[in-house]
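Presented below is the structure to which this report refers.
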Amino acid sequence: MKNQPANSRRDFLRSLGVGASVLSLPLSSYANDQYTRNEASGLYSLNTSQPGRKLGIALVGLGYYSKNLLAPALQQTQNCRLAGIVTGAPEKATEWMQKYNIPKANVYDYKTFDRIADNKDIDVVYVVLPNSMHEEYVVRAAQAGKHVICEKPMAITPKECQNMIDACKKANKQLAIGYRLHYEPFTKEVMRLGQEKVFGPVKFVESSDGFRSGDPNQWRLKKSMAGGGPLMDVGIYAIQGARYVTGEEPVSVTAQFAPKTDPQKFKDVEETMFWQFEFPSGAVSNSTTSYAAGVERLYASCEKGWFELAPAFGYGPLKGRTSKGPIEQPVVNHQAAHMDGVCKDLLDGKKLPDHITGEEGLRDVRLLQAIYQAAETGKKINLKA
Ligand code: NAD
């Protein structure tokens with residue numbers, strides 16, 4: 001996966017003839033760059049391209065991620081704002097209307113959702129539902145003539161992903177996936193370190209993401225709704241990490257399920273699993289994902305050194321270091337940076353970068369399926385087309 005690690009800070013350093021080994025500028029140095037520091041919060045936000053013009057976003061599904069991360073982030077965004085909601089719960093609708101000053105005309109339930117087509121306040125529909133519902137709501141949003149952001153994993157099967165891509169193409173609308181880390185400065189820096197071979201070619205990547213899951217009745221533990229267990233939920237970050245650090249697509253995968261320590265809770269999905277990718281350059285990666293134990297690390301061993309992020313995938317602040325010293329980057333609100341980044345391109349009439357689109361989501365869903373196939377069969381799966 002070739003992302004866009006380049007940022008203007010690096011270009012600025014280059015213009016001064018400063019090499020990549022200079023990784024620790026004081027944070028105030030970023031103020032004149034593409035980020036501006038908010039003095040009250042201490043966080044940095046992406047500079048806006050069209051001051052005053054904000055796209056209206058409607059959130060579909062007002063669960064954990066919408067309530068605690070996206071809606072608060074939309075109070076800080078420069079290029080978009082919370083304009084509408086789609087929910088099946090009338091009490092949530094009332095609460096959100098009051099809290100965020102959302103007019104009744106911009107509130108929909110799952111039956112009235114398609115009427116969003118007539119609402120000029122809403123430019124972008126953001127689908128934040130259980131994984132098995134992504135396809136239906138992305139297709140309906142595209143048919144309503146809206147750009148779409150869809151949470152990860154894009155869907156459960158490649159066929160669903162393809163339907164979503166086709167629907168957006170047919171409607172001439174853009175489709176972004178909720179890959180917030182692609183707009184996160186520490187992540188962009190490790191993309192650059194790996195893809196530009198700053199420490200020489202990457203030889204080995206350790207990329208793992210897991211946590212202890214709580215409620216035994218949640219949809220995340222039901223295969224029909226989640227598509228699988230931790231691999232679908234957070235393992236996808238570990239896949240992404242290995243891909244964006246190497247800048248390559250894996251050519252083969254082997255995988256193993258760990259024994260279940262709570263077979264009742266995990267009767268439908270895996271509890272912990274491991275997988276290994278081989279990349280065309282000869283680089284290899286090893287990954288773990290789990291709902292039984294916490295792990296969050298992205299480590300790359302290169303010919304002339306190493307670099308790592310730990311924590312690497314959560315909401316931040318992320319932390320990084322290299323064999324030459326600490327990685328210093330501005331701390332941003334991930335969700336605000338992601339939605340601002342996507343909406344900036346939409347406002348500017350630009351095609352979204354490949355690494356954030358439905359095609360990227362589809363690549364990951366194919367890999368998720370291949371990992372399960374490898375673990376189920378015990379065989380090495382060839383991923384070459
Ligand atoms: P959640 O369970 O907290 O919320 C899901 C919402 O969907 C709820 O409001 C629920 O009422 C609604 N819903 C509608 N129909 C439903 C049904 N039939 N069954 C269950 N819920 C139904 O989940 P969440 O943590 O907000 O996750 C939603 C999506 O966001 C998932 O795809 C998840 O992977 C993704 N997510 C992404 C991030 C990230 O960092 N990018 C973080 C958390 C979640």
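Name the long-range amide H neighbours of GLY178: under 5 Å, sequence gap of 5 or more, or other chain; modelled H, no Pro or chain starts.
The answer is CYS150, GLU151, LYS152.
Using helices alone, what [θ] at 222 nm do you get for the chain, with -39,500 (n - 2.57) per DSSP H run of 4 or more residues, divided over all residues and rounded to the nearest 500?
-8000 deg cm²/dmol
Through the Karplus equation 6.51 cos²θ - 1.76 cosθ + 1.60, θ set to phi - 60°, convert the phi angles of segment 71-79 into ³J(HN,Hα) values in whole Hz; use x for Gly and Pro.
Those phi angles translate into 4, x, 5, 5, 7, 10, 6, 9, 10 Hz.
Explain nothing, just the number: relative contact order of the chain, from Cα pairs under 8 Å at least 6 residues apart, as a whole percent.
21
Rank LEU175, LEU368, GLY316 by how far each Cα sits towards the positive end of the charge dipole of the chain (+1 on Lys, Arg Cβ; -1 on Asp, Glu Cβ) and give me just the farthest.
Among LEU175, LEU368, GLY316, the one farthest towards the positive end of the dipole of the chain is LEU175.
Return the long-range amide H neighbours of LYS203 (sequence gap of 5 or more, or a different chain), with a cut-off of under 5 Å between placed amide H atoms.
When sequence neighbours closer than 5 places are left aside, the close amide H contacts are SER301, CYS302, GLU303.
Where q = 0.06, 0.07, 0.11 Å⁻¹, what log10 of I(q)/I(0) comes from the Debye formula for the chain, counting one point per Cα?
So the normalised log intensities work out to -0.23, -0.31, -0.79.
Using only the Cα atoms of segment 148-258, construct the convex hull and provide its projected area averaged over every direction, in square nanometres to one decimal.
9.3
With the other protein chains left in place, how much accessible area per residue, in square angstrom, belongs to the chain at a 1.4 angstrom probe?
Dividing the accessible area of the chain by its residue count gives 43 Å².
I'd like the per residue volume of the convex hull spanned by the Cα atoms of segment 40-180, given in cubic angstrom.
Hull volume over Cα atoms, normalised by residue count, gives 120 Å³.
To check you understand DSSP bridge types, tell me what percent of the beta bridges within segment 40-180 (both residues inside) are antiparallel, rounded to 5.
0
Karplus couplings for segment 299-304 from phi (6.51 cos²θ - 1.76 cosθ + 1.60, θ = phi - 60°), rounded to Hz, Gly and Pro as x?
Ordered by residue, 3J(HN,Hα) equals 10, 10, 9, 10, 4, 10 Hz.
Using heavy-atom solvent-accessible surface (probe 1.4 Å) with all chains present, what is the largest-first order of GLU160, GLU271?
GLU160, GLU271
Considering only protein heavy atoms and a probe of 1.4 Å, how much of the accessible area of segment 40-180 is carbon and sulfur, as a whole percent?
Taking all protein chains in place, segment 40-180 shows 49 percent carbon and sulfur surface.
Where in segment 220-258 does the label zone of LYS384 land, with the point 7 angstrom along Cα→C-beta and an amide N cut-off under 15 Å?
249-253
When the Karplus curve 6.51 cos²θ - 1.76 cosθ + 1.60 is applied with θ = phi - 60°, which whole-Hz ³J(HN,Hα) does each residue of segment 208-215 get, with x for Gly and Pro?
9, 8, x, 7, 7, 7, x, 2
With charges only on Cβ, +1 for K and R and -1 for D and E, what is the dipole size of the chain about its Cα centre, in debye, rounded to 20?
320
Between ASN163 and THR112, what is 0.36 nm times their sequence separation minus the Cα-Cα distance? Round to one decimal in nm.
Here the segment from ASN163 to THR112 would lengthen by 16.2 nm.
The values are calculated or read from the model by the stated rules, or taken from the named source; none is laboratory data. All figures in this text were calculated on a predicted structure; none of them were measured in a lab. Every residue, glycine among them, receives a Cβ derived from its backbone with ideal geometry; neighbour counts consider all protein chains shown. Quick note on the areas: whole protein, heavy atoms, side chains included, nothing else; ligands and nucleic acids left out. Shrake-Rupley method; radii C 1.70, N 1.55, O 1.52, S 1.80 Å.
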